[in-house]
Structure formats: C-alpha cells, structure tokens
Amino acid sequence: KKIAGALRIAQAAYPDKECALWIQDEGRFGLKPILKRQWALQGQRPIIEQTRKYQWLYAYIFVEPETGKSEYLLLPTVNILWMQAALKSFSEAVDPEKKKLIVLVLDQAGWHMSKKLEVPSNILLMPLPAYTPELSPAEPMVNKLKIPLANKTLKTLKEVEDLLVNECVRLKENCAEVRSLTRFPWIRDVLESV
C-alpha cells in the first residue's frame with residue numbers, strides 16, 4: 001500500500017515526469033565456493049574441488065519488474081559511499097536527462113537508509129518492511145547470478161568478475177527472462193492500482 005501511495009504521490013507532485021518503479025538489491029560473490037545440486041550416476045557422488053578464500057565483490061542489481069529492464073554494477077564492497085556511486089551510475093544509465101521520477105524499492109540495509117546517503121534528485125527511495133527478503137523481486141536475480149559460479153573452483157576475483165559480467169550482460173539482453181523472475185504478484189497489484 002505504501003509503494004502504491006508513493007507512486008500516486010510522485011505522479012501528482014511531478015505531473016510532467018514519467019514515474020517508474022525499480023527494485024534494488026546487492027549480492028555478494030567471491031572465492032568461497034557456491035555448491036549446488038548436480039546430476040550424477042546412480043550410486044556415485046560428484047566430486048568438486050574447492051579452494052576456500054574469503055575475498056568478495058558485490059553485484060548491485062537494479063530491476064524494473066514491469067519491463068524486465070535491468071542494470072548491474074560490480075563493486076568491491078557495500079557501504080554508503082559505494083551506494084552513492086551505484087545510485088549515481090544507475091540514474092545516469094536509465095535517466096541521463098532527469099526526465100523521470102524513479103521510485104526505487106530496496107531493503108533496509110544500513111547503507112540504504114543512512115541520512116548521509118546522497119540520493120540523485122530523480123530517485124525516491126522506498127524501503128521494504130524490515131526482515132522481508134522474500135518480498136524483494138531483486139532476490140531471485142542474486143540467485144540467478146550465482147548459477148555460472150556454482151560448483152566451480154575459481155582462483156581469483158578476476159575469474160569471478162568475468163563470469164558475473166557475462167551473466168549480467170546475458171540477463172540485460174533477456175528482458176523477458178528478468179520479467180518472469182521479478183514481476184511478483186504484489187508488483188502487478190501495485191502497478192494496476194496506480
């Protein structure tokens with residue numbers, strides 16, 4: 001209800017701007033192996049070589065569930081400064097002329113809700129209720145990005161980055177797939193009520 005209300009208020013306050021609903025989340029990827037089930041001959045167990053290292057990079061994911069458009073940034077960590085950089089880059093990518101008002105739904109991570117966070121003028125942040133990752137349509141995108149990394153032994157962050165870049169590019173070009181993963185029933189209801 002709050003998100004539908006925010007969209008209505010945004011449209012009333014800025015009648016000359018197109019309003020768009022986007023969702024944002026981050027996923028952590030690194031050299032700690034991601035193990036997934038896989039097929040094997042009956043009676044045999046698959047063997048997967050592992051090298052555990054605790055080095056990470058983060059995928060900042062932005063998704064427009066209605067259209068399936070998506071934007072991705074791979075950054076070294078999550079904090080207020082990197083979130084500012086991600087928001088600025090996202091704003092310039094999807095609305096370089098600042099003609100839209102983007103209602104960006106995200107979780108209540110500390111770096112999302114900080115008063116120190118400088119948000120571009122064309123973005124309105126709308127938090128999901130606390131502790132509800134299942135409501136975020138961006139959550140399935142994090143799992144989708146894990147698939148190319150699953151059951152692989154990666155030795156450097158560059159290898160992780162290369163696999164993630166390829167998957168991000170593939171998903172960005174496949175809006176129908178992204179839409180099928182992210183257009184949750186509550187998103188449909190919100191957009192129909194506006």
Compare Trp22, Trp39, Trp56 by solvent-accessible area with a 1.4 Å probe and give them largest first, with all protein chains kept in place. Trp39, Trp56, Trp22
What is the local net charge at Arg52, summed over the other residues whose Cβ is closer than 13 Å to its Cβ (Lys, Arg +1; Asp, Glu -1)? +2
Using only the alpha-carbon atoms, how far is helix 80-94 inclined from the longest principal axis of the chain? Give it as 0 to 90 degrees, nearest 10. 70 degrees
Quarter of the surface of the C-alpha convex hull for segment 41-120, i.e. direction-averaged projected area in nm², equals 9.1 nm²
Carbon and sulfur %, accessible surface of segment 144-194 computed with the full protein complex present, 1.4 Å: 55 percent
Could you list the residues of segment 5-30 with an amide nitrogen less than 12 Å from a label point located 7 Å from the Cα of Leu117 in the Cα-to-C-beta direction? 24-26
How far apart, in nanometres, would the label points at Tyr131 and Ile80 be if each is projected 7 angstrom from Cα along the Cα-to-Cβ direction? 2.6 nm
Carbon plus sulfur fraction of accessible area for segment 4-129, probe 1.4 Å, in percent: 53 percent
Plugging the Cβ-Cβ distance of Gln44 and Asp162 into 1/(1 + (r/R0)^6) at R0 = 35 Å yields, to the nearest 0.05, a FRET efficiency of 0.70
If each residue of separation counts as 0.36 nm, what is the full-extension length gain between Ala109 and Ser180 once their alpha-carbon separation is subtracted? 23.0 nm
Computed over segment 59-194, protein heavy atoms only, probe 1.4 angstrom, the accessible area per residue in square angstrom equals 50 Å²
Between Ala59, Ala130, Ala20, which gets the highest mean-square fluctuation from a Gaussian network model of the chain, Cα cutoff 10 Å? Ala130
Describe numerically, in nm with one decimal, the distance between label points set 7 Å from Cα along Cα→Cβ at Lys2 and at Asn143. 2.5 nm
Net charge dipole size for the chain [Lys, Arg +1 and Asp, Glu -1 on Cβ; Debye, nearest 20]: 600 debye
Any of Lys36/Lys144; Lys144/Lys172; Lys53/Lys172; Lys2/Lys69; Lys1/Lys88 with alpha carbons more than 19 Å apart? Name them for me. Lys53/Lys172; Lys2/Lys69; Lys1/Lys88
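The values are calculated or read from the model by the stated rules, or taken from the named source; none is laboratory data. In this text the structure is predicted, and so the values were computed from the model without any measurement. Cβ atoms come from the backbone with ideal geometry, glycine included; neighbour counts cover every protein chain shown. Ligands, DNA and RNA are stripped out before the accessible areas are found, and what is left, the full protein with its side chains, is counted by its heavy atoms. Shrake-Rupley method; radii C 1.70, N 1.55, O 1.52, S 1.80 Å.
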